[in-house]
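So the structure is just underneath, and the comments pick up after that.
The values are calculated or read from the model by the stated rules, or taken from the named source; none is laboratory data. A quick note: this is a predicted structure, and the numbers were derived from the prediction, not measured. All Cβ positions, glycine included, derive from the backbone under ideal geometry; neighbour counts span all protein chains shown.
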Amino acid sequence: MPLPLVITANAAVGKRWASLAIGLLGGLVAGATFLLGALDFAGAPILAAGLTQQQRYGLDIGTMATGFVAAALVSQPVRARLARVIPIDPENPVHALALVLAVILFGTQIITIAFTDVLAADQKQPPLTLTDLIVQEVPFLILAGAGVGIFMRRQLSEAATRLGLVRPAWWHLAFALAAAGLFFGFSQGMDYASQALTPDLARRVQTVTDHVFGQLNNPVGIAALALVPGICEEILFRGALQPRIGLIATALLFTSIHTEYGFSVAALAIFVIALGLGLIRKYANTTSSCLTHATYNLLAGIGIGGSYLAVAVMIEAVLVGVAAYGIWRSRRAVAAAVVP
């Protein structure tokens, strides 16, 4: 985990040596990524085993290309151009390092999916346990806190505000719950589309999903799968990253970490849901997106069908109505406030 790099970048903010820190930190990470690809390309078994020569070359060249692109972000003029389209400060070491790390994470995830059989690899891994889940997700929370400079550049309350962890309005809660229901219905529809369009791939994805999460198919496990990713992932991706790298880039990055879906209709569904969560963060707050994510995971874990489906649809209709009323009331109050 790049925690020491993130802490160092925070320490450099506003200092005369900030540009030097950007060059050293960004160059170190980008250079290490390029070097891994180059060494593997030269014959050192570093990145992955059991690949064909074509797969290995693709993986290695992709890794080197990722390192090269990340290295380009060390350049201040490149970051200055990016600052025209995403809300970053090109002189800020934390923003620069976040860009470099985001490019490396996205690039390495995509080339891994493209040039290795991630579904087969996940099938060989032991099922996820509660401890594994916590160990996997909590670093996201730590990185988010460190990234916004908690106890370094910001006190706890300031960091929470920066991350969007604020007290939601009453209608935010109805909006979050209604969105979770809509996302669940959308994912079910995409699942049916996947089975119709790519039945073999859909079957493999379902097999891997059942294997990976099989040991958590109990009340405690389902609750953990709802809460832990719903909180940790939202605070990092929607809370910390989205205000800096933008809605679409964050959604792509979020989708890329879900390698268990490979390139599938399910991955497309994750991307669309990620965009929805990002919009909730943008127009409400991260607290609400956490609630939406956790509720969606809960619905996916327990499933809704049979005689409960009609009840669920009625509850969803009520939530949508309440959320729509709340949004109308909120916009009306804002309009009234600006009228002289």
Quiz item: Any residue at all in the stretch 111-126 that is of a type in the set (Phe, Trp, Tyr), modelled with pLDDT under 95 and either buried (at least 21 other Cβ atoms within 10 Å of the Cβ) or within 19 Å of residue 245 (Cβ to Cβ) (or both)?
Solution: yes
Quiz item: What is the one condition in (1) touching a helix residue (DSSP H, G or I) at 6+ places or on another chain (Cβ under 6 Å); (2) surrounded by fewer than 20 Cβ atoms within 10 Å (Cβ to Cβ) that residue 207 does not satisfy?
Solution: (1)
Practice problem: Out of 142, 113, 104, report the one residue that is within 21 Å of residue 213 (Cα to Cα) and in contact (Cβ under 8 Å) with a residue 40 or more places away in the chain. | Solution: 113
Self-check item: Residue satisfying all of: in the stretch 96-107; touching a helix residue (DSSP H, G or I) at 6+ places or on another chain (Cβ under 6 Å) and of a type outside the set (Gly, Ala, Ser); nearest to residue 162 (Cα to Cα) among these
Solution: 97
Self-check item: Residues satisfying the stated conditions in the stretch 135-157, i.e. surrounded by 13 or more Cβ atoms within 10 Å (Cβ to Cβ), assigned to a helix (DSSP H, G or I) and not aliphatic (A, V, I, L, M)
Solution: 136, 137, 139, 140, 145, 147
Exercise. Assess whether residue 327 counts as being in the same structural domain as residue 170 (by TED's automatic domain parsing), over 13 Å from residue 172 (Cα atoms) and in contact with a Phe, Trp or Tyr (Cβ under 8 Å, 6 or more places away or on another chain).
Key: no
Practice problem: Could you please find all residues in the stretch 148-185 being basic (Lys, Arg) and out of contact with any Ser or Thr (no Cβ under 8 Å at 6 or more places or on another chain)? | Solution: 153, 154, 162
Quiz item: So residue 272 clears everything in (1) more than 19 Å from residue 136 (Cα to Cα); (2) in contact with a Phe, Trp or Tyr (Cβ under 9 Å, 6 or more places away or on another chain); (3) buried (at least 18 other Cβ atoms within 10 Å of the Cβ) except one condition, right? Which one?
Solution: (3)
Quiz prompt | Of all residues in the stretch 217-265 being within 19 Å of residue 86 (Cα to Cα) and of a type in the set (D, E, K, R), the one that is nearest to the chain's Cα centre (by Cα) | solution = 238
Quiz item: What number of residues within the stretch 1-48 satisfy the criterion of being without any contact (Cβ under 8 Å) to a residue 24 or more places away in the chain, farther than 29 Å from residue 141 by Cβ and touching a helix residue (DSSP H, G or I) at 6+ places or on another chain (Cβ under 6 Å)?
Solution: 3
Practice problem: At least 3 residues that are more than 26 Å from the chain's Cα centre (by Cα), in the same structural domain as residue 97 (by TED's automatic domain parsing) and not aliphatic (A, V, I, L, M) in each: list the helices (runs of 4 or more DSSP H) lying fully within the stretch 1-87 that qualify. | Solution: 18-41, 53-72
Exercise. Select, from 312, 335, 267, 294, the only residue that is under 24 Å from residue 224 (Cα atoms) and modelled with pLDDT under 90.
Key: 312
